[in-house]
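Heads up, the thing below is written out as structure tokens.
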Amino acid sequence: MVPVTRQEVLGLYRKVFRIARKWQSASGQTEETLKEKEYIRNEAKTLFRKNKNVTDPKLIKQCIEECEARIEMGLHYNIPYPRPIHLPPMGLAHKQGRTLRHQEKLRKISKPIYLKSHDEVS
């Protein structure tokens, strides 16, 4: 990993934990705040540990962008959990064949950057 990238990743890691330390839930309830703080810490630990051996610069850049997007979304909406996406259901496709694979590919491509790793971990 290039030193600049390493510093950037470590800076993001520290930023996430600073946010978790200062986090206040939207409801203002103490137990809700504690649950959300714990979620932020656990999610950060899980994702950073999962990606610690990534060496491809493009993949590292994608992970950094995802982290930054999730931070901004969480701070903006005051919700630490990933925001749901609303994609059309696959119920209209035939259960076999080319159409189903094509729709699966389109769904994967259209997934927002802040949800790329959420399905892999959860």
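Below, the figures for the structure above:
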read-out	value
Full-stretch length increase - Leu34, Lys105 - with 0.36 nm per residue and alpha-carbon distance subtracted	21.8 nm
Accessible carbon and sulfur surface of segment 1-70 relative to its total accessible area, %, 1.4 Å	54 percent
Probe 1.4 Å, protein heavy atoms only - accessible area per residue of segment 6-84 in square angstrom	68 Å²
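The values are calculated or read from the model by the stated rules, or taken from the named source; none is laboratory data. Values in this document were obtained by computation on a predicted structure and should not be read as measured data. Remember, those area values only see protein heavy atoms, side chains included, never the ligands or the DNA or RNA. Shrake-Rupley method; radii C 1.70, N 1.55, O 1.52, S 1.80 Å.
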